[in-house]
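Take a look at the structure set out below.
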Amino acid sequence: MSITLFDLTGKVALITGATHGLGQAMAIGLGQAGATLVVNGASSQDKLNKAVEHYKSLGLNTYGFLFDVTDEAQVIKNIEAIESEVGPIDILVNNAGIIKRTPLEQMEVTDFEEVIKVDLVSPFIVSKHVVKGMISRKRGKIINICSMMSELGRNTVGAYAAAKGGLKMLTKNMATEWAKHNIQTNGIGPGYFATSQTEPIRIDGHPFNEFILNRTPAAKWGDPEDLAGTAVFLASKASNFVNGQIVYVDGGILATIGKPSNET
Ligand code: GCO
């Protein structure tokens, strides 16, 4: 098999929320496959600058753009700037997301709405404005970062599950509407990974840590690097006839009903 199937040389990849965590791990994978990286952050210029420096220290051609992915005016302005300063966006990874862990009956409506806005509405906003160029060029790759919560519920993450379940279906609809333009839209559903987002529920001795180690057939938390290969696959020629699929990188969680805690 020709390795050029996975070669991203000459491609421009925009990854939202890529200053740390899974977004950063996927961006590094895309960069190491040859893509020019455009990394987005929303919270601080300093954090974004540090991230861009880290990417560059790895020898990756990287640009940083600070904008709020939920603000359509900022999205329009920055996509125009990216396409004029860096080049047409070939690959879009909608990774930016937040989570709020609160029992539904105690959750403020404003908090619920904020999770939906960042995790579900922003992928729509960014994709709507990136896809215009992809349609005109008759090619593009869109990757939406879903979750185990695209398929399963869990106590206290109801807003996040609603958003990520919606993102799974939005991915299928993007695929439905845009495949005729040679644009492939798919999702990645990470399992439980060792990141800052999961730190509060991963510390040694936390009941959830034990639960996940038991619930995951691979019996470990994922390493963010474990996501890079799937991101490269879905961003490359190797997936040119793959559309509307959510690839779960979960150590086997969705494959199993689980086992009693005293069973090895
Ligand atoms: C949680 C976790 C999850 C994971 C991931 C699973 O509180 O259950 O943070 O949301 O981060 O989304 O796919």
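The values are calculated or read from the model by the stated rules, or taken from the named source; none is laboratory data. In this text, all values refer to a predicted model and were calculated from it rather than measured experimentally. For neighbour counting, all protein chains shown are included, and Cβ atoms are generated from backbone atoms with ideal geometry for every residue, glycine included. Ligands, DNA and RNA are excluded from the accessible area calculation, which covers all protein heavy atoms including side chains. Shrake-Rupley method; radii C 1.70, N 1.55, O 1.52, S 1.80 Å.
Tabulated values for the structure
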{"item": "Search result, residues across the stretch 175-219 that are open to solvent by 30 Å² or more (accessible area, probe 1.4 Å) and among the polar types (S, T, N, Q)", "result": "T176, N182, S196, Q197, N214"}
{"item": "Whichever residue in the stretch 127-153 is of a type in the set (V, I, T) and touching a residue at least 60 places away in the same chain (Cβ under 8 Å) and, among such residues, is farthest from I257 (Cα to Cα)", "result": "V130"}
{"item": "Members of the stretch 220-244 that are without any contact (Cβ under 8 Å) to a residue 60 or more places away in the chain, more than 16 Å from the ligand (Cβ to nearest atom) and either open to solvent by less than 60 Å² (accessible area, probe 1.4 Å) or touching a strand residue (DSSP E or B) at 6+ places or on another chain (Cβ under 7 Å) (or both)", "result": "N240, V242"}
{"item": "When residues of the stretch 16-38 are limited to those that are assigned to a strand (DSSP E or B) and touching a Leu at 6+ places or on another chain (Cβ under 7 Å), the one surrounded by the most Cβ atoms within 10 Å (Cβ to Cβ)", "result": "V38"}
{"item": "Candidates I145, I135, I183 - the one that is of a type in the set (V, I, T) and within 13 Å of the chain's Cα centre (by Cα)", "result": "I145"}
{"item": "Tally of residues being free of Cβ contacts under 8 Å to residues at least 40 places away in the same chain and out of contact with any Ser or Thr (no Cβ under 8 Å at 6 or more places or on another chain) across the stretch 162-178", "result": "3"}
{"item": "Counted residues, the stretch 173-194 - those being near the ligand (Cβ under 10 Å from one of its atoms) and either under 16 Å from R139 (Cβ atoms) or hydroxyl-bearing (S, T, Y) (or both)", "result": "1"}
{"item": "Total residues in the stretch 121-138, condition open to solvent by 40 Å² or more (accessible area, probe 1.4 Å) and within 16 Å of the ligand (Cβ to nearest atom)", "result": "0"}
{"item": "Count of the stretch 245-257 residues which are open to solvent by 30 Å² or more (accessible area, probe 1.4 Å) and part of a loop (DSSP other than H, G, I, E, B)", "result": "4"}
{"item": "Selection from the stretch 151-167 of residues that are near the ligand (Cβ under 8 Å from one of its atoms) and either in contact with a Phe, Trp or Tyr (Cβ under 9 Å, 6 or more places away or on another chain) or of a type in the set (A, V, I, L, M) (or both)", "result": "R154, V157"}
{"item": "From K141, K164, K172, residue being open to solvent by 20 Å² or more (accessible area, probe 1.4 Å) and of a type outside the set (G, A, S)", "result": "K172"}
{"item": "Long-range neighbours under 8 Å by Cβ, at least six apart or interchain, first residue farther than 22 Å from K11 by Cβ within the stretch 52-79, second part of a loop (DSSP other than H, G, I, E, B) and not aromatic (F, W, Y)", "result": "L66/A42; L66/S44; D68/A42; Q74/D68"}
